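Below: the structure, in structure tokens.
Computed from the coordinates by the stated procedures, all read-outs in this text should not be read as laboratory data. These numbers come from a predicted model, not from an experiment.
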Amino acid sequence: MLAKGKIICIICLLCLIITAVFILFGRKSSFAEQSLPIVVTSSQVDQPLLTNSMQPNVIQTENVTNSGANSDNKSSVDTRFLPAAARNSQLKFNIKWAFGGKSQRGWYIYARLINHLIGVEASVDSPEFAAALARWQETAGLPPNGVLDEATLAVIVTYWQANRLKLRGYALPNELTTAPATDFYDPLRAEELRQLEQNTYAAYKKMVAAAVADKSLNLATDGRGNLAPTEKFLKIISAFRSREYQNKLRRETPNSGRAGLAVNSPHFTGRALDIYVGGDPVETKDANRAYQVLTPVYRWLVKNAAKFGFKPYFYEPWHWEYAPD
Ligand SMILES: [Zn+2]
């Protein structure tokens, strides 16, 4: 009888232990299920963009995109351009040139624009890039050596500059419209600083709607195809500027040079927009521009802005001009 009672007691104890284990593990898994979506949601709200490129490194990125050049299906054309590719990987950082009264070093900041211009996605260090550049050089009347040297860079810069606004007249009052503060990087921007040319504004809104629809950009939206109030990317930093306002800006930054704040600014037309593409909004230091040109939003603009009539000012990743073909 005693032994039987002992066995029953042991069975009861085992049952209790098993029940306790089930309760504990059951709770644990239900916590895990609850906490996971909360973590994902909060991280999406706080850091909607740039999770992979908060610390961009130009050299690293070029190496990553270079992987295609090292694949097995190298053609004989690619091998021919190996020396040119090696030269380009030096020149992109070392070439000395001048622009806007300032000496410049390298062309790596403009790699995305150059890729787009010559119609090749391959890294600027690759023989594919050099081969595509050689084809482009031929059409431009340059020696087709695939090397992005000083002469080639000069022709490329001239081409980009020629695609910008041709007429730089002062906007007439009836050409301008006032955009809502929600379109601006600074939501408190004064009404008189929120004017821009009407067709430019319509094209800008179409472009933003297309960017918002591109889920790869992960832009925060208001649910109706507009940028959310919390989203900074693609918001307008500056649009139409009056002569008085431009002069005030020049007085505030007297050392910005010719490449900085122009006396005859394209912003007078109301067709030039400074758009937020990341980093310090309108800072021309190389490190800032090198950061900006790696953001997904800037890369998207390089590929898509022309469809909406916007042409880049190569030197300022944020400055885009409405100059449809
Ligand atoms: Zn600008």
Fraction in percent of alpha-carbon pairs per bin - 10 Å, region 121-172
24, 41, 20, 11, 5
Percent of Cα-Cα pairs per 5 Å bin, from 0 to the last occupied bin, for region 76-162, please list those.
3, 16, 28, 28, 17, 6, 2, 0, 0
Taking 1 over the mean of 1/r across every pair of different Cα atoms in region 201-291, what Kirkwood radius in Å do you get?
14.9 Å
Taking a quarter of the surface of the Cα convex hull of region 165-238, what do you get in nm²?
5.6 nm²
